[in-house]
Amino acid sequence: MLEQAAATQPLNDVQLMLLRLFSRPVSTQDLDAIQHILLDYYNNALQKELDRVIEEKNITREDYDKILSNQ
């Protein structure tokens, strides 16, 4: 079923760019480095979004402690 969904949805700009980028042979070392760069990018983006939500909702350390103590 996932294959059908992927086949019917057009590729987004990032996917197209990556396909063009990797249309040539890439060493395992290069692939590892690129994967690391992408993971760092998305980790940083996620952390920024998390920081934004925490600030927007005024979440404090005490809020986390309350949640953890109720488990």
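The values are calculated or read from the model by the stated rules, or taken from the named source; none is laboratory data. Given the structure is predicted, the values throughout are model-derived calculations rather than measurements. What goes into the accessible areas is simple: the full protein's heavy atoms, side chains included, and nothing from ligands, DNA or RNA. Shrake-Rupley method; radii C 1.70, N 1.55, O 1.52, S 1.80 Å.
At 1.4 Å probe size, with the rest of the protein present, what percent of the exposed accessible area of the chain is carbon and sulfur atoms? So the carbon and sulfur contribution to the accessible surface is 58 percent. Gain on full extension, evaluated as 0.36 nm per residue between ASP40 and LEU18 minus their Cα-Cα distance, stands at 6.3 nm.
Accessible surface calculations at 1.4 Å, restricted to protein heavy atoms, place the chain at 98 Å² per residue. Under a Gaussian network description of the chain, with springs only between Cα atoms under 10 Å, the residue in LEU16, LEU31, LEU46 that fluctuates furthest is LEU16.
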